[in-house]
1. Across region 184-193, which residue is nearest to Gly213 (Cα to Cα) among those that are crowded, with 21+ Cβ neighbours inside 10 Å and either of a type in the set (A, V, I, L, M) or over 15 Å from the mean Cα position of the chain (by Cα) (or both)?
2. Check whether at least one residue in region 101-117 is of a type in the set (Phe, Trp, Tyr), in contact (Cβ under 8 Å) with a residue 24 or more places away in the chain and more than 26 Å from Arg285 (Cβ to Cβ), and report yes or no.
3. Kindly provide the set of residues from region 208-247 that are in a loop (DSSP other than H, G, I, E, B), among the hydrophobic types (A, V, I, L, M, F, W, C) and touching a residue at least 24 places away in the same chain (Cβ under 8 Å), ordered by number.
4. Can you tell me how many residues within region 194-209 are hydrophobic (A, V, I, L, M, F, W, C), crowded, with 16+ Cβ neighbours inside 10 Å and farther than 18 Å from Arg341 by Cα?
5. For region 13-45, which residues satisfy the criterion of being at pLDDT below 90 and crowded, with 16+ Cβ neighbours inside 10 Å?
6. Among Leu86, Leu56, Leu49, Leu60, which is the only one that is exposed (fewer than 14 other Cβ atoms within 10 Å of the Cβ) and of a type in the set (A, V, I, L, M)?
7. Assess whether Ile291 counts as being closer than 21 Å to Arg243 by Cβ, in contact with a Phe, Trp or Tyr (Cβ under 6 Å, 6 or more places away or on another chain) and not in a loop (DSSP other than H, G, I, E, B).
8. Tally up the residues in region 100-141 that are crowded, with 23+ Cβ neighbours inside 10 Å, not hydroxyl-bearing (Ser, Thr, Tyr) and not in a strand (DSSP E or B), please.
Amino acid sequence: MKFDSDHLGPQGTDADDKDDAGSRYADVKAALFHNAYYLTWGDQGEPELPCYAVTLGRILRGILPRGLPWQLKAAAERTVDSGADLRWGTDRRGFRRLLHPNGVCLFGRWIIDAESDFSGYFRPGSEALIVARYSTCCTESRRGYTRSLSLVGKLYPTTDPDHADPLRTANFITQEDLGGERTLYINDAELRNAPDVTPWRRGWGTPILLISGLLFKFVDVEPAIRQLHSIAELGKPADEPTRTPAFMRLTVPADQPRIEGDGLDFRDEILEQLYDRGNSASTGRKLIFNIDVTNQGKRRGLLRQRWRFDNWQRIGRIEFDEAVASYNGDFVVHFHHPAWRTDRNDPNTTRRAAPPTR
């Protein structure tokens, strides 16, 4: 369907925005494909993908006590407090992302096929449907410029894309150096739940990184690590202890094709991994990410942070076979940020209080 800003998606219910509602994979997928920015990606005459700007003015909007909430603080709290998979908002237009506004959504399978001691959907033999969003921090999306590539995902505890009952999902967040990298191909990006931080690589965007980091420390204790306990508890019997890896790394296998093109937008790069330009039919190609985990990592530095890891263990892979860039993918889909725990395996050590019942 051609993008139409006056018709943003299928009509939903109030439950779409509630934390405890869960969702159906097919409904989320339909919503994200509903308002693609193109009829057929890569076809002649189609508009270029939109590029939403990240600005200091937008980040600071509402910070002064004039009756309006600080937008960045509200967005940070929403990311941690809301477990919804789609956030339509009262006007059915979703929410403008302030830090990662430009992205492409992907669909496929999460597969764990190696032995490990971890629980939930890190357990050997686990397979789940996954909805993910690949994005970049700030405004820049083109190859050859400093940007920080990121992949976030939500796992459905099923392999049936037409499951009848809504299911609660488990979400993860991974990213390159939060200050940015000069990674030319998505093939070379190392995406971790505990990324390095080099603030000054942002240039004029450094104040945005520092402000958002300080705010996330206030909202959820740790601004640069995204814990993985929701995956380790997905589908786990209540009486089984949680066993969560401390760190996860996602990388593209060496034999994945490389997409050439000077100044190529990462969204076009991902779409070309899966589709032929000007042809919406499935090619059968896949975009694969290896899943590595470890419990051994050490961070050094305060403002400039560097991680050193030992004993990475490859336990599985993510296989994507569909993707779309759409308005609903940029404004409506929501990825929950699991609240920080002092002990990642003990929900009683969660540092942030649960939000009030809605």
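The values are calculated or read from the model by the stated rules, or taken from the named source; none is laboratory data. Values in this document were obtained by computation on a predicted structure and should not be read as measured data. With ideal geometry, Cβ positions are generated from the backbone for all residues, glycine too; neighbour counts draw on all protein chains shown.
1. In this case the residue turns out to be Leu191.
2. Looking for residues that are of a type in the set (Phe, Trp, Tyr), in contact (Cβ under 8 Å) with a residue 24 or more places away in the chain and more than 26 Å from Arg285 (Cβ to Cβ), one finds none in region 101-117, hence no.
3. We begin by selecting, within region 208-247, every residue in a loop (DSSP other than H, G, I, E, B); these are 221-228, 234-246.
Pick out the ones that are also among the hydrophobic types (A, V, I, L, M, F, W, C) and you get 221, 224-225, 228, 234, 238, 246.
Once the filter is applied, which keeps residues that are in a loop (DSSP other than H, G, I, E, B), among the hydrophobic types (A, V, I, L, M, F, W, C) and touching a residue at least 24 places away in the same chain (Cβ under 8 Å), region 208-247 yields Val221, Ala224, Ile225, Leu228, Leu234, Ala246.
4. 3
5. Asp16, Asp17, Ala21
6. Details: Leu86 fails: exposed (fewer than 14 other Cβ atoms within 10 Å of the Cβ); Leu49 fails: exposed (fewer than 14 other Cβ atoms within 10 Å of the Cβ); Leu60 fails: exposed (fewer than 14 other Cβ atoms within 10 Å of the Cβ).
That would be Leu56, the only listed residue that is exposed (fewer than 14 other Cβ atoms within 10 Å of the Cβ) and of a type in the set (A, V, I, L, M).
7. Details: closer than 21 Å to Arg243 by Cβ: yes; in contact with a Phe, Trp or Tyr (Cβ under 6 Å, 6 or more places away or on another chain): no; not in a loop (DSSP other than H, G, I, E, B): yes.
No.
8. Residues that pass the stated criteria total 4.
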